[in-house]
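Remarks on the structure that follows.
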Amino acid sequence: MSTYLRCNDVKSSSYEEKEVTLRGWIHRIRKQKEIAFVLLRDDRGGVIQFTIPSTKAIDLTIESCIQITGNVRKDARAPEGGYEIRGKDLKIFGIARADYPIGEYQSEDLLLDYRHLAVRTRRLSTIAKIRASVLKFSRQWFIENDWLEINAPVIVKDAVEGGSSLFEIKYFDRIAFLSQSAQLYLEAMVFALGPVWSITESFRAERSRTVRHLAEFTHLEAEAPWMYQEDIMKVQENLVSFIVQNTLSNNSADFEFLDRNAKELGSIGPPFERISYGKAVDILRSKDFTLIGENGTRRNIEWGDDLNIESEREITKDCTKPLFVSEFPIDTKPFYVREDPNKPGISLSTDLLAPRGFGEISSGSERETDVESIKSRIVKQSLDPKTYGWYLDLRRYGSVPHSGFGLGIERLVRWILGMEDIKDVVLFPRTMSRVTP
Ligand code: AMO
């Protein structure tokens, strides 16, 4: 355990002229005849300049790992906060080879190839800190509201979100799949534990190369008994608002570093706006919004079409707050979604769209409780009802009205940071074309 100070700790008058010891890596180095100016980066991405006689700096290279002891001095010329350290003792833990592959200007592809090193850049480590806060405040919200955290298996036999995006794996002498969603297991647990939630990696073999699709993503999911559509919408708007507001105040320096103007986010709070799917389609039609049809020509969007990335962007581009879209046609939704008993053909489900064009971040619904309806929808969706025997048992033995949702952590962080490409907000992205490092 290190009890060493970090760079930002010592940038204050209380450390002026005091001796301190810091550990980290060489972020930048400029060797002059007598003195070397070194920017040290600590293990939380903070930086401070130290000086050292050039004779002691001969071996030092970018990314060498060192410990420096010296006196803190206030100097307006020092970069990153106006304090520097006059180095006295230097200890070297690991000299980096001189051919460190990441310089100041690099192509996106190279940065992805060297992601194991690029995670040391201040941009990526700052994003990772914000992501950590998003996870921390998610957990805090659930704890404060008395939801119980559970863990679901990732190796499964059943499709939750359709068969076409399943990753198949060899499981001893059988075939199994990587889970698309923990939902069915959360549903099983509401009978035993009431409101439950989980954070699990989910996997989707979607052949879509878009700025918001990953093959592996971090999935926050929640499920609760005796909750109906309106209740589960409230959970989502309260949770998202709590995460946004706490992350904003906890990480204000990080938002500043990333140049993210967070003013608009400051006003995010419940209630979120709501529109029906039908209204969304009407809005898109009134804007002459078109989709690419089967033969490659463009056609108007019609009732029954899915809302794709472009349509969600069009609907939310002028919004400042997240927006719920509800009342989707039941045929566009998976087998577990409940049909509105008062509106045949309409589902009791919602998608939560982030504003300013960022689109879907979460999806939720009331769950179908009738065993026969689920069975026939499973068949209709070309899935094998035999696989779902255990799931159908949940409806056979004390079925309970319940609702839940799934929220993509990367989609949420992408919106909070206003970043176009989802790959930027995950440390080691998995996409159709990338499975290393
Ligand atoms: P859905 O498939 O809409 O619903 O997923 C829920 C949320 O997960 C995120 N997400 C993704 N993020 C990155 N890359 C992907 N390929 C990807 N796919 C989905 C999105 C999305 O809103 N079981 C249901 C939810 C429920 O009803 O409980 C489900 O998984 O943010």
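The values are calculated or read from the model by the stated rules, or taken from the named source; none is laboratory data. Note that the coordinates shown come from a computational prediction; the quantities given were computed from them, not determined experimentally. In this analysis, Cβ positions are derived from the backbone assuming ideal geometry, glycine residues included, and neighbour counts consider all displayed protein chains.
From the residues in region 15-62 that are farther than 21 Å from Tyr4 by Cβ and among the basic types (Lys, Arg), which one is surrounded by the fewest Cβ atoms within 10 Å (Cβ to Cβ)? Among residues in region 15-62 that are farther than 21 Å from Tyr4 by Cβ and among the basic types (Lys, Arg), the one surrounded by the fewest Cβ atoms within 10 Å (Cβ to Cβ) is Lys33. Only residues that are part of a loop (DSSP other than H, G, I, E, B) and surrounded by 20 or more Cβ atoms within 10 Å (Cβ to Cβ) were counted in region 191-203, giving 1. Summed over region 217-264, residues that are touching a residue at least 60 places away in the same chain (Cβ under 8 Å), farther than 21 Å from Gly408 by Cβ and hydroxyl-bearing (Ser, Thr, Tyr) total 1. Here region 113-146 is the region considered, the condition is being β-branched (Val, Ile, Thr) and more than 13 Å from the chain's Cα centre (by Cα), and the residue that is farthest from Ile199 (Cα to Cα) is Thr121. Of the listed requirements (1) within 14 Å of the ligand (Cβ to nearest atom); (2) exposed (fewer than 14 other Cβ atoms within 10 Å of the Cβ), Thr431 misses just one: (2).
Note on region 283-316: residues that are in contact (Cβ under 8 Å) with a residue 12 or more places away in the chain and among the hydroxyl-bearing types (Ser, Thr, Tyr) total 2. Within region 398-422, which residues are over 31 Å from the mean Cα position of the chain (by Cα) and either crowded, with 22+ Cβ neighbours inside 10 Å or free of Cβ contacts under 8 Å to residues at least 40 places away in the same chain (or both)? Matches in region 398-422: Ser399 only. Only one of the numbered conditions (1) near the ligand (Cβ under 10 Å from one of its atoms); (2) outside any loop (DSSP other than H, G, I, E, B); (3) surrounded by fewer than 22 Cβ atoms within 10 Å (Cβ to Cβ); (4) not aromatic (Phe, Trp, Tyr) is not met by Ser208, and that is (2). Scanning region 169-190 for residues that are touching a strand residue (DSSP E or B) at 6+ places or on another chain (Cβ under 9 Å) and assigned to a loop (DSSP other than H, G, I, E, B) returns Ser179, Gln180, Ser181, Ala182. Here Met227 meets the list (1) more than 26 Å from Arg123 (Cα to Cα); (2) out of contact with any Ser or Thr (no Cβ under 6 Å at 6 or more places or on another chain) almost entirely, failing just condition (2). Scanning region 66-88 for residues that are touching a Gly at 6+ places or on another chain (Cβ under 6 Å) and under 14 Å from Arg6 (Cα atoms) gives Ile68, Gly70, Ile85.
Okay, residues lined up against (1) touching a helix residue (DSSP H, G or I) at 6+ places or on another chain (Cβ under 8 Å); (2) modelled with pLDDT of 95 or more:
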position: Cys7; (1), (2): no, yes
position: Leu39; (1), (2): no, yes
position: Phe50; (1), (2): no, yes
position: Ile68; (1), (2): no, yes
position: Pro79; (1), (2): no, no
position: Ile85; (1), (2): yes, yes
position: Ile92; (1), (2): no, yes
position: Ala96; (1), (2): no, yes
position: Asp113; (1), (2): no, yes
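One line per residue, one yes/no per condition, for (1) under 30 Å from Asp421 (Cα atoms); (2) hydrophobic (A, V, I, L, M, F, W, C); (3) under 35 Å from the mean Cα position of the chain (by Cα); (4) not in a strand (DSSP E or B):
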{"site": "Asp43", "(1), (2), (3), (4)": "yes, no, yes, yes"}
{"site": "Thr51", "(1), (2), (3), (4)": "no, no, no, no"}
{"site": "Ile58", "(1), (2), (3), (4)": "no, yes, no, yes"}
{"site": "Thr61", "(1), (2), (3), (4)": "no, no, yes, yes"}
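The residue that is nearest to Trp226 (Cα to Cα), among those in region 364-376 that are away from the ligand (no atom under 14 Å from the Cβ) and of a type outside the set (Val, Ile, Thr), is Asp370. Of all residues in region 377-399, those satisfying the criterion of being among the hydrophobic types (A, V, I, L, M, F, W, C) and more than 16 Å from the ligand (Cβ to nearest atom) are Val379, Trp390, Leu392.
Of the residues that sit in region 307-363 and are more than 12 Å from the ligand (Cβ to nearest atom) and among the polar types (S, T, N, Q), which one is nearest to Gly162 (Cα to Cα)? Filtering first and then ranking leaves Asn308. Of the residues making up region 221-278, those that are closer than 26 Å to Tyr185 by Cα, within 18 Å of the chain's Cα centre (by Cα) and within 16 Å of the ligand (Cβ to nearest atom) number 7. Looking only at residues in region 248-260 that are of a type in the set (S, T, N, Q) and touching a helix residue (DSSP H, G or I) at 6+ places or on another chain (Cβ under 8 Å), the one that is nearest to Glu420 (Cα to Cα) is Asn251.
Can you name the residue in region 152-187 that is among the aliphatic types (A, V, I, L, M) and more than 15 Å from the ligand (Cβ to nearest atom) and, of all such residues, is farthest from Lys375 (Cα to Cα)?
Ile169
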